[in-house]
Each structure stands twice: as C-alpha cells, then as structure tokens.
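Everything on this sheet refers to the single structure shown next.
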Amino acid sequence: MKTCNNPFQGRIAISGASGFIGSHIRQRFPNHIVLNRGLDREAIAKRIRDADVVINLAGAPIIRRWTSSYKKVLIRSRIETTRKIVAAMNMAGSQALLLSASAIGIYPDNIKCDESCREIDRGFLGDLACRWEAAAMEYRGPAAILRFGVILGPDGGALKMMLPPFRLGLGGPIGTGRNIVSWMDIEDLVAAVGFLIRERATGIFNMVSPYPVTNMEFTRTLSQLLRRPAILPVPVLLLKLVLGQGAEVLTGSKEVYPGKLLKEGFQFNYPKIEDSLKHLIEKG
Ligand SMILES: NC(=O)c1ccc[n+]([C@@H]2O[C@H](COP(=O)([O-])OP(=O)(O)OC[C@H]3O[C@@H](n4cnc5c(N)ncnc54)[C@H](OP(=O)(O)O)[C@@H]3O)[C@@H](O)[C@H]2O)c1
C-alpha cells in the first residue's frame, strides 16, 4: 500500500475556495492561491503561472428549489467557471495537474457503479455533471475528475444541515429510508486529494467511502450516536413541494464505489459510517 504522509510543498490554486470543501483543502495546503470567481481569463492565467496544481470546486449550491432560472445559475456557475479556468490554463501553456469537481449524480439511481460504469443519469443532474466534466476535459494538460459523493463534515454540506434537527430528536429517514447514500468523510476527502496530487493521478475518481449505506442505516447511526430518537420520516412529497425537482438530490439512490482510489492504494481512515459520524460529531 502506498502511504500519504509527506506534505506536498508545491503551489495549489483553488476556485470555490470559500466553500465547505475548499476551506478544508485550504487548511491542508497553506501554500495556496485563491482563484476568485470575479477574475477574468487573463487574471487567472497570471495567477496560475507558478501553480503545480489547480483545484476547481466552484459551483452554486445544489440543494435549492430548481426553478428554470436557478438551473441556469447551477449550469453557469459550474460550466462557465470551469471553461474559463481551463481556457486560462491552456492559454498559459500550463502543465499543472487539474483536479476538477464533479458529482456522483452523474450515475443513474439503483445501479452499483464504480468508475467503469458507462450508464449516465438521464435527468438534470446527469446532464449537468456530463457538461461539467466535458468542460474540464478541454484542458490540454494532466487532469483528474473528482466525482464527489455526499461529503460529511460538521461544518458544511449535508451533515451540517442534518445535525440541528437530529440533535432535537426531530430527525428521520427520507421516505422509506431504502435509498442508498454514497458518502465520504471530509478528512478522507482531503487526504485523498493529497494522495492524488502526490501520485499525479489522472482520470476519473469516485470520492466516496467503500461502504455506502441506506438512508435508514445513516439515520439510525446518527440518532444512536446523538442518543436521540429519529422516528419521524421526512415525506418525499414534502421535499418535492419545497424543492421541486431539486428534491432528487435527497431522494435519489446512488450506490457508488471508489474502485480507482482503492486500486491506486489509497487507505481510508473512516471507511465505515459509524466511525466517521462518531469523530465528526465529537469535532462539531
Ligand atoms: N459537499 C458535497 O457533499 C458535494 C457533493 C457533490 C458535489 N459537490 C460539488 O463540489 C464543489 C464544492 O462543494 P462544497 O460543498 O464546498 O460547495 P459550497 O460550500 O457550496 O462552495 C462552493 C463554492 O463555489 C463558489 N460559488 C458559489 N456560487 C457560485 C456562483 N454562482 N458562481 C461561481 N462560483 C460560485 C463559492 O466559492 P467562492 O466564493 O470562493 O467563489 C462557494 O464557496 C461544488 O461544486 C459542489 O457542487 C459537493
């Protein structure tokens, strides 16, 4: 097994740096450059001139009501931002490693998938992820696409939203609780990013733990660790009323495995949901 203990000394440029994942990556790599979303192509090209790695995380929040105008925001904030960064890197003749975000929403529901899976989700999420990845693949240097699962941390993403109701004993499974959640601990995510950088890995990587769980298992584990009941199911209909088509993010069932990370020799510190939630709750 390869280990990942030597800190990377090179320069890393990050877009979407102020977000949940970006903040954790910035802490891990103090020698970073922030790519603000207001920068134009020329300014980005200047900033990334000395970068060894560019990490592209920008994207407007997905758990919202998807009106037709918000869908445009979701698309623009990912695809146009990625296109601009890639154009700047190509213009600068960069050979930096590009790590560009995507999501496991690219895979269809109810199919076990690792990176060899050819099927694509036929809805908005699949289309968005495909176009996002295609924009990153325009880069003429080395690139890896990171398909994030549900990233768990106490200070952002899904867990931050779930903790307050669960702490009040008002949590519960979504619908029947049978939908599969493919998740990854934020600490493992940051370690995996460091690992991919050191290996100068290219290609597609599912950023998920090797043990996806059902929504019911997730709910039960979280409520047991918090010593609170979680008996009130969240009706799917209610989510659809509030979020419209955007409810798909919460009601979908993605069973995704990190085939490539495991093959490359990455070792997870928190492969199991109980260990992950336990340490995240202690931190949060
Ligand atoms: N967290 C997860 O579980 C998860 C799962 C699947 C995919 N992802 C994807 O991974 C990326 C990072 O996730 P995250 O949880 O860190 O997201 P986040 O906390 O919402 O942060 C995303 C960042 O994107 C930038 N941004 C927001 N609106 C934008 C807009 N309209 N145009 C351009 N940039 C905009 C902002 O950074 P600046 O203000 O610094 O520009 C923001 O901090 C996102 O693209 C997200 O869709 C995350």
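Any read-out appearing in this document is the output of simple, stated calculations on the displayed coordinates, not a laboratory observation. No experiment lies behind these values; they were computed from the predicted model shown. A quick note on method: Cβ atoms are made from the backbone with ideal geometry, for glycine too, and the neighbour counts reach across all protein chains shown.
If you average the sequence gap of Cα pairs under 8 Å that are 6 or more apart and divide by the length of the chain, what percent do you get for the contact order?
Numbers: 533 pairs, mean separation 61.4, N = 284.
After rounding, I find 22 percent.
State the answer as a single residue: which of 142, 69, 103 lies farthest towards the positive end of the charge dipole of the chain, with beta carbon charges of +1 for Lys and Arg and -1 for Asp and Glu, about the Cα centre.
69
Suppose R0 equals 51 Å. What FRET efficiency, 1/(1 + (r/R0)^6) with r the Cβ-Cβ distance, do residue 76 and residue 228 give to the nearest 0.05? Before the final figure, lay out the partial values.
Numbers: r = 40 Å, r/R0 = 0.78.
With a Förster radius of 51 Å, E is 0.80.
Sort out for me the Cα centre separation of the range 242-258 from the range 65-91, rounded to whole Å.
Here the answer is 21 Å between Cα centres.
Based on the alpha-carbon gyration tensor of the range 136-207 and its eigenvalue square roots a ≥ b ≥ c, which shape applies: rounded if a/c is under 1.5, prolate if not and a/b is larger than b/c, or oblate? Intermediate results must be reported in sequence, preceding the final value.
Values: a/c = 3.39, a/b = 2.29, b/c = 1.48.
Judged from the Cα gyration tensor, the range 136-207 comes out prolate (a/c at least 1.5, a/b above b/c).
Could you pull out every residue, at least 5 positions away or on a different chain, whose amide H is within less than 5 Å of the one on residue 181? Hs are placed 1.01 Å off N in the peptide plane, and Pro or chain starts have none.
Residues meeting the criterion, in which the H sits 1.01 Å from N, are 213, 214, 215.
Once phi is turned into ³J(HN,Hα) by the Karplus curve 6.51 cos²θ - 1.76 cosθ + 1.60 with θ = phi - 60°, what whole-Hz value does each residue of the range 220-226 show in order, with x for glycine and proline?
Result, ordered by residue: 5, 5, 5, 5, 5, 5, 8 Hz.
Out of the DSSP beta bridges found with both residues in the chain, what percent are antiparallel (nearest 5)?
Working: 3 of 32 bridges.
Bridges in the chain are about 10 percent antiparallel.
Using the Karplus curve 6.51 cos²θ - 1.76 cosθ + 1.60 with θ = phi - 60°, work out ³J(HN,Hα) for each residue of the range 101-116 in order, rounded to whole Hz, and write x for Gly and Pro.
So the Karplus estimates, Gly and Pro as x, are 5, 8, 8, 6, x, 5, 8, x, 5, 6, 10, 6, 10, 10, 5, 7 Hz.
Just want the ordering: 117, 130, from fewest to most Cβ atoms lying within 10 Å of their own Cβ. The partial results should precede the final answer.
Details: 117 17, 130 14.
So the ranking, lowest neighbour count to highest, is 130, 117.
My understanding is that a pair violates if its Cα-Cα distance is over 18 Å; which of 46/84; 160/283; 71/240; 112/160 do that in this structure? Mind showing how you got there, number by number?
Details: 46/84 13 Å; 160/283 12 Å; 71/240 16 Å; 112/160 27 Å.
Among 46/84; 160/283; 71/240; 112/160, the Cα-Cα distance tops 18 Å for 112/160.
Take 234, 73, 242 and order them by how many other Cβ atoms sit within 10 Å, fewest up front.
Working: 234 19, 73 15, 242 11.
Ascending Cβ contact count within 10 Å gives the list 242, 73, 234.
Which whole-number percent is the relative contact order of the range 1-124 (Cα, under 8 Å, 6+ apart)? Before the final figure, lay out the partial values.
Working: 143 pairs, mean separation 30.4, N = 124.
So the answer I get is 25 percent.
Assuming R0 = 45 Å, can you tell me the calculated FRET efficiency for the pair residue 109 and residue 36, based on Cβ-Cβ distance, to the nearest 0.05?
Numbers: r = 36 Å, r/R0 = 0.80.
Calculated value: 0.80.
How long are the semi-axes of the equivalent ellipsoid of the range 12-283, taking √(5λ) for every eigenvalue λ of the Cα gyration tensor, in whole Å from largest down?
Details: eigenvalues 193, 82, 60 Å².
The equivalent ellipsoid of the range 12-283 has semi-axes of 31, 20, 17 Å.
What is the calculated FRET efficiency for residue 160 to residue 9, with r their C-beta to C-beta distance and R₀ = 25 Å, to the nearest 0.05?
Once the sixth-power term is evaluated, E becomes 0.20.
PRE reach from residue 262 (point 7 Å along Cα→Cβ): which of the range 211-235 fall under 17 Å by backbone N?
211-214
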